[in-house]
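The values are calculated or read from the model by the stated rules, or taken from the named source; none is laboratory data. Given the structure is predicted, the values throughout are model-derived calculations rather than measurements. Neighbour counts run over all protein chains shown; Cβ positions are idealised from the backbone, glycine included. Quick note on the areas: whole protein, heavy atoms, side chains included, nothing else; ligands and nucleic acids left out. Shrake-Rupley method; radii C 1.70, N 1.55, O 1.52, S 1.80 Å.
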Amino acid sequence: MDSLVGAVVKVVPTVLGGRIDRVAFAVGVSDTPTSDLFPRVRRVSENEALDRTRRDYDEVAELYDDMVRQGDQVIDALSAGMINAFADLVRAGGSVGAVVDAGCGPGQWTDHLDRAGIRAYGIDLSPAMVAIARRYRPDLRYEVGSMLHLDAGDESIAGILAHFSLIHTPPDLLPRVLSEFARVVEPGGPLLIGVQITDTADTNGWVPYDHRASPAYLWTLDALADRLREHDFAELGRLRIVAPAPGKPPAGYLLARHDARSNE
């Protein structure tokens with residue numbers, strides 16, 4: 001891996017008590033802190049980044065699905081509130097297009113949108129995750145795909161939900177994802193992003209995060225809002241959810257609308 005300057009990063013899901021407990025990073029230089037390596041990891045190639053995330057989630061798909069289905073009453077209620085607001089904006093826009101659940105995982109929120117009367121389909125890098133989503137809702141459309149290359153025409157998507165899926169995107173690749181979102185979403189279409197957040201990011205607005213399933217990044221909501229603005233998404237609102245347990249990061253949502261006039 002040229003971008004790692006010779007360091008080898010291996011992701012090992014650790015399962016304790018029938019659940020995904022954490023992810024350990026085995027690094028070629030064992031006395032080098034993981035956080036010191038991440039500025040290099042963010043420059044991995046597109047194929048390497050996608051392959052890593054796909055492999056990691058394929059390995060833990062069933063356990064991840066179990067964790068998602070058990071859920072957290074408070075967090076799920078707040079998440080549903082933001083996703084319902086997103087659905088209301090889609091409905092108010094009157095589009096005949098569908099919503100894409102980008103990084104849909106086991107498909108729980110694609111299912112939620114469908115039950116709310118919103119045409120929706122899901123894509124995910126992980127074939128194992130897509131298989132689980134299809135198992136629960138064989139009547140819905142789920143496809144293996146990448147947020148970097150959405151199989152959709154220009155301005156053909158009514159809205160985009162990226163529910164804790166952008167967190168695995170290396171920061172250097174994030175502008176390309178947001179450009180792709182801006183390409184496919186209709187003018188005025190909403191975008192809802194959910195991420196784990198930090199209040200102590202570096203000057204770029206992010207820090208590395210030892211995620212349970214695959215290497216990830218914590219962002220400040222202000223930094224993400226700035227990135228969205230650069231791609232013609234105007235912020236409509238945000239939500240911060242307190243950390244669920246000591247040592248865990250808080251979560252946040254940004255709700256935006258595609259508006260080519262946002263930079264004027």
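Side notes on the structure shown:
- Restricting attention to the stretch 114-127 and to residues that are within 20 Å of Asp139 (Cβ to Cβ) and in contact with a helix residue (DSSP H, G or I) (Cβ under 6 Å, 6 or more places away or on another chain), the residue that is surrounded by the fewest Cβ atoms within 10 Å (Cβ to Cβ) turns out to be Ala116.
- Considering residues of the stretch 204-237 that are touching a residue at least 40 places away in the same chain (Cβ under 8 Å) and part of a helix (DSSP H, G or I) only, the residue most open to solvent (accessible area, probe 1.4 Å): Glu230
- Taken over the stretch 177-203, residues that are closer than 19 Å to Ala87 by Cβ and assigned to a strand (DSSP E or B) amount to 6.
- Residue within the stretch 173-186 that is more than 26 Å from Arg55 (Cβ to Cβ), open to solvent by 10 Å² or more (accessible area, probe 1.4 Å) and among the small types (Gly, Ala, Ser) present: yes
- Against the criterion of being closer than 23 Å to His112 by Cα, touching a residue at least 60 places away in the same chain (Cβ under 8 Å), of a type in the set (D, E, K, R) and surrounded by fewer than 23 Cβ atoms within 10 Å (Cβ to Cβ), Glu143 does not qualify.
- Against the numbered list (1) assigned to a helix (DSSP H, G or I); (2) without any contact (Cβ under 8 Å) to a residue 60 or more places away in the chain; (3) within 20 Å of Phe181 (Cβ to Cβ), Ala80 comes up short only at (3).
- Candidate set from the stretch 65-89 (those that are within 24 Å of Val144 (Cα to Cα) and of a type outside the set (Gly, Ala, Ser)); member that is surrounded by the fewest Cβ atoms within 10 Å (Cβ to Cβ): Arg69
- Of all residues in the stretch 168-213, those being touching a His at 6+ places or on another chain (Cβ under 7 Å) and of a type in the set (A, V, I, L, M) number 4.
- Tabulated pairs, the stretch 238-250, first touching a residue at least 60 places away in the same chain (Cβ under 8 Å) and part of a loop (DSSP other than H, G, I, E, B), second open to solvent by less than 80 Å² (accessible area, probe 1.4 Å) and of a type outside the set (Ser, Thr, Tyr), C-beta under 7 angstrom, 6+ apart or interchain: Pro244/Asp72; Pro244/Ile75
- Residues being more than 19 Å from Leu150 (Cα to Cα) and over 15 Å from the mean Cα position of the chain (by Cα) - total across the stretch 102-127: 8
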